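Read the structure below first, then the notes.
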Amino acid sequence: MDIRTDSPRALEARRRTLELILTNHPETCVICEKGNACQLRDLASGMGLALSSEKRVGTLRGIVDANPFIHRDLSKCIGCQICVRACREIQGAEAVEFTGISTGSSPLTANDSELAGSACELCGLCVAMCPVGALIEKPSKHTGTEDRRATVICPYCGVGCTLELRIREDRIVGVGADVSGSVNGPSLCAKGRYGLGYVGHPDRLTAPLVREGDELVETSWEDALKRFTEGLRRITEKHGADAVGVLASAKATNEENYLIQKFTRACIGTNNVDHCARLCHSPTVAGLSAAFGSGAMTNSLEDLAEADVILLTGTNTIENHPVIAQMIKTAVLSGGTRLIVSDPRDISMARYAEVTLSPRLGTDVAWLNGMANVVLSEGLADERFIKERTEDFDEWRASVEPYTPELVRKITGIKPADLKWAARLYASASAAAIYYAMGITQHSTGTDNVKAVANLAMLTGNIGRPGTGVNPLRGQNNVQGACDVGALPNVFPGYQQVTDKKVRKEFEKAWGVKLPAAPGLTVTEMIEAAAKGKLKAMYIIGENPVMTEPDASHAEAALCKLDFLVIQDIFLTESAAIADIVLPSMASVEKEGTFTNTERLVQRSRAAVPAPSQARSDADIVCDIAGLMKYPMNYSGPSAVMEEISSLTPSYGGISYSRLGRRGLRWPCPDSKHRGTKILHLKEFTRGKGKFHPVEYIQPAEMPDEEYPFILTTGRMPYQFHAGSMSRRSAALDEYTPEGWAELNPSDAKSLGIKEGDPIELSSRRGTVRTTARLSRRSPRGAVFMSFHFAEQAANKLTNPVLDKEGKIPEFKVCAVRVEPAVPE
Amino acid sequence: MDVRGPGSALIERLLEESDRKGFLEPAAVDRVSRELSVPASRGYSIAGQLEYFRFSPSPEGQVKICSGPACRLAGSSHTVQALEALPGAGPVPLLGSPIWHTPILAAVPDRKGTAMARSVKPGDELATADLQRAPLATVEEPTRELLSGKGELLGGLKRRRSPADYFRSGARRLVMFLERSTPGETLRAMKASRLIDTASGHEVADIIEDIANGEAPSGMIVCDTGGREPENDTASILAWADPMGVIEGMLIAAHAAGVGRVMLFVPHEHRGLKESFARSIADLKRYGLWPAVDVEMFAAPNFIPADREIGIASLYEGLTLSEGASRAKASPMRLWGADVFISDPEVFLRISKLVSGRGKAATSRIISVGGRVNRPCVAEAALTSTAGEVISESAGGIPDGSAIKAVHFGGAYGGPLRPVALNSGLRSLFGRLDSAGSGQILLIDRDTCMVSWAEYFAWLGEQLCCGACAVGRLGPSFVRRLIGKITSGKGELSDLEEIRNTIELMKETSLCPQGGRILNPVLFALENFSGEFEEHISKKKCQAGVCWP
Ligand code: SF4
Ligand code: SF4
Ligand code: SF4
Ligand code: SF4
């Protein structure tokens, strides 16, 4: 075949088509924000076509500009439909379609509504791909062309997307994706793309602060660190090392977390180190370690699309792990994967599901056992897998026998037919994967829930193959890494128990000091100990317990009781405001280091922009304090820290900066020849045999009663993050959702006389919060949903601090509340 | 077996919602989409590409005007003007929906359906009451006078053959035929007839053979009973006149191709046709006739702004027109994972003649005649006859005193020729079109300005392109702007070159066949009436006195 793309005829056709396109294009090139990046302008000038001509008469359309992310001027649309295809084929949102005919055709949302509020997820992919100025990133408007680019790992969620920062004069002017080898390809979510405004925010801490009476005043680093070491010494000398607690950070790098836990153990001499993983996935670590021997995601995102069936539960993936949601949606839309969604709320992912289960809040063990019951009674179990690769099956089998579909209906409200359908679909797939998040873990039965998930996967042999597995989705960008490198009270790096003498010996040798043998306190235990006056000092890095702890008022009071509180953060958070010393640290994009994403992938992130004024990296600060405390911790840089990590952490044994490259490495990566592990438990489980654990349904600790008749469940919203310290300081994100709300079912609202937008008051046994009502059928009757990002309406003043026995996670997902109309202010 | 996909259900549900309220509410789009698990943007997009759907309530007593060429010739634009001059009248929407091909212009919805009123002359005044009085015809039924001719297809059709008639007399013959002939034999008989598919210009037997030997796991035979012209002519009349004959032809084609599915596309607006086919399909089932093939009906708005085959297939699949257009088109079309043959009632009625052993080469063609003739009609004419003969024999000749200046043939895909064309035989006349031109002949007299006529077709082209490809999206409107320059006295000679180049470009690069032929009428006008164009440009003169006196 002879195909020519440059024959005179082809060139002429191209030139004329371009000319034709220009006839319908408004003459706005000079003031168009697309500027040099416009492909139309580029092609036209390349072909010698005038940018100004009397033939140019654009079809003018009004500019609808109601969201802070995307500026849409369809007058400039050339109808290439790239946005439509991107939205459908890559993003899987199918929010825009080519609508109308002839010159009137353009990419529109359903009913031509504004992007925000439509099915659009404001991911910005279409904007990044639009060849002309029809779609423009608003936050980057009027910022000019970048003078350099740098790649970093997204500072928000655990997906670990690679961001390509566009930088001009050391300021971030835009964010793109599509870096080869990245987890996310061309995709990002609104947070990653539009949420870096916090980096250059004027609120950034630029100098150390120390308390003088009621005030925090600026001081020098020298003075601050001196006071820090003195404070620590005073406490440890008087009350012992265990009177100090340290919170590491799921936002800091692996190297920094390693240094923090090393500092805590070796320099202070306590195992009281923990971080926010406690509040999200500690049941995962507990439950999966017990069942499989490893608490991490068994498979990798690369093989997600190989699943014939995906069971999603307790994850509002589209809103919280948008780029993983994107992978799932496209897998479903391409016809290769069928989806089961089980969630008490009617989440957006339900549209893609073949079966949707809506269990009552806090009834996960019941329906998961019920699925297993159906699989067994219908003979769909994988006998061979059970026999060869698992143990304790018979005992477990007996435990699920009572969970007939009928009983499950009584407990969960799920129709038996739906339960059976879901069970059959999951069990008969040749590869079925389970993905879950905090909807499973944040319960007083969190570890049981995780075990029930693991049981179901083992029962059907869906472990150790591509497209299968039990896959917890981690919340923060380095929560996996912080756990891996030992920022936990009971384990050293690589999940090696502090109680194990042999292990301890090894670390004592490496670190050159005697190490404490007893496991330390968890986050929640530290707060409790502080409240009781047993814990005297805390060093908190990049966390904000006043916002994130359950029963937050209690947590605040506990922190106030400490003799000595040091907070190290990039902003003066709610917790920092009550500290004795506040140390300004670097944002992740300002420093070099590695992050480990939800699928165990260790990736490098670069220092892209300079830190403001005196802010320093967590690593430098910790090492300096250690030095002042006569425990020198000197490293030539993060890569040297990684060398130490790999020498002490078998699963990171083969990881070094020189090997990470663009693609990173997935642990376990035991030696320098090993290419990383995509799928865990291939031939055998990490613990040898997979262990079935009988688990029984226990109802949530606090159930609705007459006084508190509703169930409150908490979670995230897509355009804010965690305690909001970053997202609320990113102008676009905060403009879009400047305040929180409580979501109520319309029929509940009606019976309470509450209308959309009314001020309401939510009260639990622990506190009262004032917020606004949003009515939506997404929340089932009897349930109220609230996010925890907003200090003014801190949902965690209401939540129940009751803990899961093993994982020690508080029951964020269920507590009883009362809802009342509030008097307008 | 119900073989309908979610796509056809989508259109059906949208129509249901829209017909209930008179327009499509946003909530209804959301509801229907959710019900069928399609994205709401798609539901909206599909509705948004079809003129049938409105998204806000329309005012009471709405009048629609046919925008097809025959009605245009008869003065639809004047009717629009007259209507818009009525006190309290808003802009009058143009309707490219099924209306019998005659110069019947205004369609007024009433309880019985949509009634038509006669057109008005330039400068005539019109009262709303005039429109509601004494309709000439309804969309449900053509007037008897409209059918003319004695040929093979129309000859016996002075009276409509109802399904009941068919089951009394014809059904047995079909069963015997299908039982006796193997698919191969049926195909051979088809080959012998050398029947041409009016849609593609290929021999029907070749397409069927491709399906029979094709790699696709299944195939489908589709009859488009709407029609390729906006004002819809011969197809709906033939389908209305002999629904079972059409189905019979489809069953035979399915037998020859070895496929198990046939689908009738019926314009949703055409209630009579829908009922008639529904009855036919029910009877077919009741009598258990040829259960080897599933017969289904799919109704969607008839005015589809895209290539018809692609349009029907897209709507059936629940795709937007633009999405359908971007799929590769081959003959037979590969759709729904199947090889598909789409043609019109004329072709299937001819195939049905195989039953009676009359599988000879087609010697006639169904023609619709309009414009300056005494009696607009739908006629069957021998291919050997000339256009002039058809007009004098079937359409009552030309009104006294009319001076014919052009003969427009082939509808929206054809174009105007000089009057000498009246002496050409039909075969050579229609042979001038690559494909798909309808059997329409319109006589144009001196009152019509050929430049405005071309401008009108450029406008029609805009209404008939989905916009998926750059040239289809922008070409017609650019050409209309250039002709508009000429009709408003600002034209330059170089504009003519630009028009030609643009149409050429469309032919070369359009995504679907529509773009390649939709401006044929402009090209024909430029070729045959260049003098008139040049006169407009250089002398600012319009012989017909349309552009300026
Ligand atoms: S990508 Fe841009 S130019 Fe292309 S259709 Fe979308 S909005 Fe229009
Ligand atoms: S922003 Fe993302 S979800 Fe929204 S239309 Fe563009 S691609 Fe689709
Ligand atoms: S999905 Fe997560 S990692 Fe990716 S851009 Fe969004 S917040 Fe960042
Ligand atoms: S030629 Fe292009 S614009 Fe016209 S109908 Fe075909 S695809 Fe659509």
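The figures follow:
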{"quantity": "Length-normalised contact order of chain A in % [C-alpha pairs under 8 Å, at least 6 apart]", "calculated": "16 percent"}
{"quantity": "Estimated FRET transfer efficiency (A:E237, A:R211; beta-carbon r; R0 22 Å; 0.05)", "calculated": "0.55"}
{"quantity": "Sorted by Cβ density within 10 Å, fewest first, the residues A:D6, A:D346, B:D344", "calculated": "A:D6, A:D346, B:D344"}
{"quantity": "Cβ-based net charge around A:E383, under 14 Å, with every Lys or Arg adding one and every Asp or Glu removing one", "calculated": "0"}
{"quantity": "Estimated [θ] at 222 nm from DSSP helical runs (n ≥ 4, -39500 (n - 2.57)) normalised by residues in chain A, nearest 500", "calculated": "-8000 deg cm²/dmol"}
{"quantity": "Sorted by Cβ neighbour density within 10 Å, fewest at the top, the residues A:M438, A:M633", "calculated": "A:M633, A:M438"}
{"quantity": "Anisotropy class of the stretch A:39-90 from Cα gyration tensor, a/c 1.5 cut", "calculated": "oblate"}
{"quantity": "For A:R204, B:R427, order by how many other beta-carbon atoms lie within 10 Å, fewest first", "calculated": "B:R427, A:R204"}
{"quantity": "Pairs from B:K405/B:K541; A:K329/A:K683; A:K238/A:K561 whose Cα-Cα separation, in the structure shown, is over 21 Å", "calculated": "A:K329/A:K683"}
{"quantity": "All aspartates and glutamates inside 17 Å of A:K505 as judged from Cα atoms, apart from same-chain residues fewer than 8 positions distant", "calculated": "A:E644"}
{"quantity": "FRET efficiency estimate (nearest 0.05) - Cβ-Cβ, A:E302 to A:K673, R0 25 angstrom", "calculated": "0.75"}
{"quantity": "Among A:I324, A:T460, A:Y352 - extreme Cα towards positive end, dipole of the stretch A:298-472, charges at beta-carbon", "calculated": "A:Y352"}
{"quantity": "Peptide B:467-479, shielding by other chains (average Cβ, 10 Å cutoff)", "calculated": "6"}
{"quantity": "Mean Cβ count within 10 Å, highest first, over the residues of peptides A:507-515, A:800-808, B:369-377", "calculated": "B:369-377, A:800-808, A:507-515"}
{"quantity": "Contour minus Cα-Cα distance for A:K501 and A:M47 (0.36 nm per residue)", "calculated": "155.9 nm"}
{"quantity": "Sequence-distant lysines (8 or more away, or on other chains) whose Cα lies within less than 28 Å of A:K76", "calculated": "A:K34, A:K55, A:K138, A:K141, A:K191, B:K485, B:K490, B:K507"}
{"quantity": "Kirkwood Rh in Å, taken over all unlike Cα pairs in the stretch A:710-821", "calculated": "14.3 Å"}
{"quantity": "Simple spin-label estimate for A:K410 and A:S377 in nanometres, 7 Å along Cα-Cβ", "calculated": "1.3 nm"}
{"quantity": "Shielding by partners, peptide A:358-368 (average Cβ within 10 angstrom, other chains)", "calculated": "0"}
{"quantity": "Rounded, prolate or oblate (a/c below 1.5 giving rounded, otherwise prolate when a/b exceeds b/c) for the stretch B:8-48 by Cα gyration tensor", "calculated": "prolate"}
{"quantity": "FRET E, pair A:M1, B:S218, Förster distance 41 Å, beta-carbon r, rounded to 0.05", "calculated": "0.85"}
{"quantity": "Projected-area mean, the stretch A:1-142, by convex hull of Cα positions, square nanometres", "calculated": "10.0 nm²"}
{"quantity": "Overall dimensions of the protein assembly as shown as given by Cα atoms, namely Rg and Dmax in Å", "calculated": "37.3, 122"}
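Bear in mind that the values in this text are calculations on the coordinates, not laboratory data. A quick note: this is a predicted structure, and the numbers were derived from the prediction, not measured. Here the Cβ is made from the backbone with ideal geometry for all residues, glycine too, and neighbour counts use every protein chain on show.
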